[in-house]
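Just so it is clear, none of the values below were taken in a lab; they were calculated from the coordinates. Model, not experiment: these values are computed from the prediction. As a convention, Cβ positions derive from the backbone with ideal geometry for all residues, glycine included, and neighbour counts pool all protein chains shown.
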Amino acid sequence: MSIHQRPRTDEPAEAECLFCSVLELRNRRFLAQNDSFVAMEDQFPVNPGHTLLIPKRHVSKFTDLQDNELLDFGRILRETQKLIASQSLVDGFNIGVNEGIAAGQTIEHLHIHLIPRFTGDVENPRGGVRNLKTALVEY
């Protein structure tokens, strides 16, 4: 086995997945949802309104989404952006995915970060996510 391969287990990934548990137990408030996705606040926000868009089906990569899920992603993204913008004076958004451990993914269930941005929240926002800002809550 190469260093880039993970050992396989008999347990399905969903068995220990935090997001699958949240979806099953519904123990977090959803800001929006549709057939394929839910939107909920990030517990470790970078900015006020930082939201996660999470597919209801357990997948780990964006490319694993089916066509109908991609359409639902677009719909929930648009709906959630409008909701956040209606509640505060948002000047922009970062939309991002950490896919894989090497990219910083800590939960192997796809989740897309929707981060409201505000003029002045970093000294120079040029480069977007290349200029990471300090989180509001320590991770």
Cβ pairs under 6 Å, 6+ apart, first in the stretch 93-113 and in contact (Cβ under 8 Å) with a residue 40 or more places away in the chain and of a type in the set (V, I, T), second surrounded by fewer than 17 Cβ atoms within 10 Å (Cβ to Cβ) and part of a strand (DSSP E or B): I112/V97
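For the stretch 53-78, which residues satisfy the criterion of being aliphatic (A, V, I, L, M) and touching a helix residue (DSSP H, G or I) at 6+ places or on another chain (Cβ under 6 Å)? It would help to see each step written out before you state the result.
In the first step, residues of the stretch 53-78 are kept if they are aliphatic (A, V, I, L, M); the result is 53-54, 59, 65, 70-71, 76-77.
Of everything in the stretch 53-78, those that are aliphatic (A, V, I, L, M) and touching a helix residue (DSSP H, G or I) at 6+ places or on another chain (Cβ under 6 Å) turn out to be L53, I54.
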